[in-house]
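Input: a single structure, listed below in structure tokens.
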Amino acid sequence: MEWKRDFQFEFGSYVQPHKTNNPKNNNKPRALDGIYLGPVQDNDQGGSIIMDLSTGREITRSQVDEVVMTELVINK
């Protein structure tokens, strides 16, 4: 494990993982809303385990941005 890569967010932080759309030139969202659960354990390249707020499922992503938690996210 690498400290700066794997522990950049706290458990329960509100994050927006990047999402790849095909084709890329559309108006669909390019990020999801999620809650950070922890780093991926079995991957040398890193990554994050995130709970997708729209589906409630766990997803893994390599590109994640932390954002300010709003009342809408807290209520959800």
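Report the residue count in the stretch 41-51 for those that are free of Cβ contacts under 8 Å to residues at least 24 places away in the same chain and surrounded by 10 or more Cβ atoms within 10 Å (Cβ to Cβ).
Looking only at that region, the number is 4.
What about residue 38, is it of a type outside the set (Asp, Glu), on the phi > 0 side of the Ramachandran plot and outside any strand (DSSP E or B)?
So residue 38 does not fit the description; no.
State whether the residues of the stretch 9-19 include one that is in contact with a Leu (Cβ under 7 Å, 6 or more places away or on another chain) and either modelled with pLDDT under 80 or outside any loop (DSSP other than H, G, I, E, B) (or both).
yes
Residue by residue, here is whether (1) out of contact with any Ser or Thr (no Cβ under 9 Å at 6 or more places or on another chain); (2) modelled with pLDDT of 85 or more; (3) among the hydroxyl-bearing types (Ser, Thr, Tyr) holds:
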residue	(1), (2), (3)
3	yes, no, no
21	yes, no, no
24	yes, no, no
33	no, yes, no
43	no, no, no
48	no, yes, yes
54	yes, yes, yes
57	yes, yes, no
71	yes, yes, no
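The values are calculated or read from the model by the stated rules, or taken from the named source; none is laboratory data. Since we're looking at a predicted model, the values are computed, not measured. Here the Cβ is made from the backbone with ideal geometry for all residues, glycine too, and neighbour counts use every protein chain on show.
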